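Here the structure comes first, spelled out in structure tokens, and everything after it is commentary.
The values are calculated or read from the model by the stated rules, or taken from the named source; none is laboratory data. Predicted model, so just to flag it, every value in this text is computed and none were measured. Virtual Cβ from ideal backbone geometry, glycine too; neighbours counted across all protein chains shown.
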Amino acid sequence: MKARNALLAAFTLSTLATAVQAADEVVVYSSRIDELIKPVFDAYTAKTGVKVKFITDKEAPLIARLKAEGANTPADMLITVDAGNLWQAEQEGVLQPTKSDVIDANIPAQYRSSTDSWTGLSLRARTIFYSTERVKPEELSTYEALADKNWEGRLCLRTSKKVYNQSLTATLIETHGAEKTEEIVKGWVNNLATDVFPDDTALLQAIDAGQCDVGITNTYYYGRLHKQQPDLKVKPFWPNQNDRGVHVNLAGAGVTKHAPHAEEAKKLLEWMTTPEAQSIFAGVNQEFPANPAVAPSEEVAAWGTFKADSIATEVAGKRQAEATMLMDRAGWQ
């Protein structure tokens, strides 16, 4: 009997030790690549002693993996890009609401889930870029105006299959309604100078090379390319400054529904909204901090300031299916 009790005690102590050890580590599934998130996690570990183990993949496989693992998942947090993807993760039931006064104070409501299932951590503007050789900035005004006849044969777009363009279209639907938005998108398609591009970098290079004069891309792609090619003959233009503002999307995160260490994950998420973490998270990818109290990096600040669209970013998810069908009808490949 004594031997049995001793064995039980040893087993209990071993189990508790394992639990304590596990609590010193947070597991993150991330669609952001290693080099963009490791500096943030290294800083958190240095500050708290809590290790962050991360697994990277595309957003769709990560969400599918969380669903398949269910209550047995090792993941405590999901990090991904675009509010449309975060909204999708929320709808798939792989995130849990995480109410936090810290997050609410640091991140504006338009960049958070209305159910507290996720929060934005960095921002990117999907804005107009133009050739400094062939376009004067005063010729530009709004996203909608790129559908005008004077841009015929001069516009470049990325494929409609990418969520970034689906989210932009979703916010246009929210602003103008489906009928007007379809008219705008058809105008864009009619004005294309060439086939749609598979990525934003190729689009910016096409503007620089003279294949087209204007295009719509995320700002951080420009930041990366400009760093490699300082003589790039392309610049950003901030549209719709006299009405709703520039379309802004985000990279963000949420605590997983079956997080083994939900409280530790919440602490990490809260810390990631603080000035210390925001400067790292946004800075490594040439993005804007989601916390308005934090200034962007020197490189990003050089692009100038702008008025951002105040539409809640989760609209990108709510209208994603509608936007995708509309783009298809309009002939956006």
Subset tally (residues that are of a type in the set (V, I, T) and either part of a helix (DSSP H, G or I) or closer than 16 Å to S30 by Cβ (or both)) for the stretch 273-282:
1
Tell me yes or no: at least one residue of the stretch 40-61 is in a helix (DSSP H, G or I), at pLDDT 95 or above and farther than 29 Å from E276 by Cα.
yes
Criterion first (assigned by TED's automatic domain parsing to the domain that holds I216, of a type outside the set (D, E, K, R), at pLDDT 95 or above and buried (at least 19 other Cβ atoms within 10 Å of the Cβ)) does S113 satisfy it?
no
Whichever residue in the stretch 44-69 is of a type in the set (V, I, T) and touching a residue at least 40 places away in the same chain (Cβ under 8 Å) and, among such residues, is surrounded by the fewest Cβ atoms within 10 Å (Cβ to Cβ):
T48
Inside the stretch 220-239, can you point out the residues that are of a type in the set (D, E, K, R) and closer than 11 Å to D208 by Cα?
D231, K233, K235
Take the conditions under 21 Å from the mean Cα position of the chain (by Cα) and either modelled with pLDDT of 95 or more or among the basic types (K, R) (or both) and apply them to L203. Does it pass?
yes
Test E270 against the stated conditions and say whether it is part of a helix (DSSP H, G or I), closer than 15 Å to Y111 by Cα and acidic (D, E).
yes
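Each row is one residue, and each column tells you yes or no for (1) surrounded by fewer than 22 Cβ atoms within 10 Å (Cβ to Cβ); (2) in contact with a helix residue (DSSP H, G or I) (Cβ under 9 Å, 6 or more places away or on another chain).
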residue	(1), (2)
E25	yes, yes
I33	yes, no
F41	no, yes
A71	yes, no
V81	no, yes
N85	no, yes
Q88	yes, yes
Q91	yes, yes
Of the residues in the stretch 77-130, how many are in contact with a Pro (Cβ under 6 Å, 6 or more places away or on another chain) and in contact (Cβ under 8 Å) with a residue 24 or more places away in the chain?
5
Which residues, taken from the stretch 70-92, are more than 22 Å from I33 (Cα to Cα) and more than 19 Å from the chain's Cα centre (by Cα)?
G70, A71, N72
All positions within the stretch 99-137 that are more than 26 Å from S297 (Cα to Cα) and assigned to a helix (DSSP H, G or I):
D101
Report yes if A302 is among the hydrophobic types (A, V, I, L, M, F, W, C), over 23 Å from G187 (Cα atoms) and without any contact (Cβ under 8 Å) to a residue 12 or more places away in the chain, otherwise no.
yes
Flagged pairs (Cβ under 6 angstrom, 6 or more apart or on separate chains; first in the stretch 214-234, closer than 16 Å to G304 by Cβ and touching a residue at least 24 places away in the same chain (Cβ under 8 Å); second surrounded by 14 or more Cβ atoms within 10 Å (Cβ to Cβ) and not hydrophobic (A, V, I, L, M, F, W, C)) are T219/R124; Y220/R124; Y220/N285; Y220/Q286; Y220/E287; G223/Q286; V234/D208
Which condition breaks for A259 when tested against (1) touching a helix residue (DSSP H, G or I) at 6+ places or on another chain (Cβ under 9 Å); (2) in a helix (DSSP H, G or I)?
(2)
In the stretch 255-280, anything closer than 16 Å to K53 by Cα, crowded, with 21+ Cβ neighbours inside 10 Å and among the aliphatic types (A, V, I, L, M) is listed as V255, A259, A265, L268, L269, M272
